[in-house]
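*Asks:* Before we start, here is the structure in question, set down as structure tokens.
The values are calculated or read from the model by the stated rules, or taken from the named source; none is laboratory data. Predicted model, so just to flag it, every value in this text is computed and none were measured. Backbone-built Cβ (ideal geometry, glycine too); neighbour counts: all protein chains shown. Protein only, heavy atoms only, side chains kept; ligands, DNA and RNA dropped before computing areas. Shrake-Rupley method; radii C 1.70, N 1.55, O 1.52, S 1.80 Å.
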Amino acid sequence: MTQQELWNWMMDGNAVHEHRTATAVLAREIHVNRWNGHGKPDTREVWTKGLRVNVVMASRFGDVGITDDLHADYGYQHRTQCVEASLCGGGTYSPDNLLEEITPTPALTPKPAT
């Protein structure tokens, strides 16, 4: 699966209110700020090439959110651009080409209504 296909697949899930996640491998090293809570300083981390990450969010701006927590359903430390996108005001973003070996995970089982 390519980054473009990943973003499309995740956005298709958003359209039908189905939360989707995937795993991927980093194609290069990145620097990440980990949020430690309100009033606490972020922790600066280096994620190395080859690290498996969890893709937990896709936005309408063409990016996805990733975390190093492979068990997380929500919450991310870094956003990476997957598709070319133009914003109002003229800004254009190009894909970061950060993710490879992308594998969709099975859909989350909906929790029964209480």
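*Asks:* Whole-Hz Karplus ³J(HN,Hα) for the stretch 43-60, in order, using 6.51 cos²θ - 1.76 cosθ + 1.60 and θ = phi - 60°, x for Gly and Pro?
*Replies:* 9, 8, 10, 10, 9, 7, 4, x, 5, 7, 10, 10, 8, 10, 8, 10, 10, 5
*Asks:* Of the accessible area of the chain, with the probe set at 1.4 angstrom, what percent is carbon plus sulfur? The partial results should precede the final answer.
*Replies:* Details: 3740 of 7180 Å².
Answer for the chain: carbon and sulfur cover 52 percent of the accessible area.
*Asks:* Now for a different question. Would you grab the residues whose amide H sits under 5 Å from the one on Thr105? Only those 5+ places off in sequence or on another chain, please, with H modelled 1.01 Å from N.
*Replies:* Residues meeting the criterion, in which the H sits 1.01 Å from N, are Thr21, Ala22, Thr23.
*Asks:* Of the peptides 47-55, 71-79, how do they stack up when ordered by the mean number of other Cβ atoms within 10 Å, highest first?
*Replies:* Packing order, densest peptide first, comes out as 47-55, 71-79.
*Asks:* I'd like the Karplus ³J(HN,Hα) series for the stretch 7-19: coefficients 6.51, -1.76, 1.60, θ = phi - 60°, whole numbers in Hz, and an x wherever there's a Gly or Pro.
*Replies:* With coefficients 6.51, -1.76 and 1.60, one gets 4, 4, 4, 5, 5, 4, x, 4, 5, 10, 6, 10, 6 Hz.
*Asks:* Ok, one more. Ignoring GluC sites (Glu not before Pro) that are buried or in helix or strand per DSSP, and keeping those with at most 12 other beta carbon atoms within 10 Å, what is the longest stretch of the chain between them?
*Replies:* It works out to 30-83.
*Asks:* Choose one answer from Leu99, Leu70, Leu87: the residue with the largest mean-square fluctuation in a GNM of the chain with alpha-carbon springs under 10 Å.
*Replies:* Highest fluctuation among the options: Leu87.
*Asks:* I would also like to ask the following. Using θ = phi - 60° and the Karplus curve 6.51 cos²θ - 1.76 cosθ + 1.60, what whole-Hz ³J(HN,Hα) does each residue of the stretch 75-87 get, with Gly and Pro shown as x?
*Replies:* Those phi angles translate into x, 9, 9, 8, 10, 10, 6, 9, 9, 6, 9, 10, 9 Hz.
*Asks:* Could you tell me the center-to-center distance, by alpha carbons, between the stretch 7-32 and the stretch 45-60 in angstrom?
*Replies:* 9 Å
*Asks:* Given a 1.4 Å probe, how much area per residue of the chain is accessible, in Å²?
*Replies:* Working: 7180 Å² over 114 residues.
Here the residues of the chain average 63 Å² of exposed surface.
*Asks:* While we're looking at this one, here's another question. Which cross-chain or sequence-distant (5 or more) residues have an amide H under 5 Å from the amide H of Leu51, H modelled 1.01 Å from N in plane?
*Replies:* Answer set, sorted by chain and number: Leu26.
*Asks:* Quick check on the chain: what does the Kirkwood estimate of hydrodynamic radius come out to from the alpha carbon pairs, in Å?
*Replies:* It works out to 14.9 Å.
*Asks:* Between Ile66, Ile102, Ile30, find the one with the highest GNM mean-square fluctuation for the chain; connect C-alpha pairs within less than 10 Å.
*Replies:* Ile30
*Asks:* Cut-off 10 angstrom, C-alpha nodes, Gaussian network model of the chain. Which of Asp42, Asp96, Asp63 fluctuates the most?
*Replies:* Highest fluctuation among the options: Asp42.
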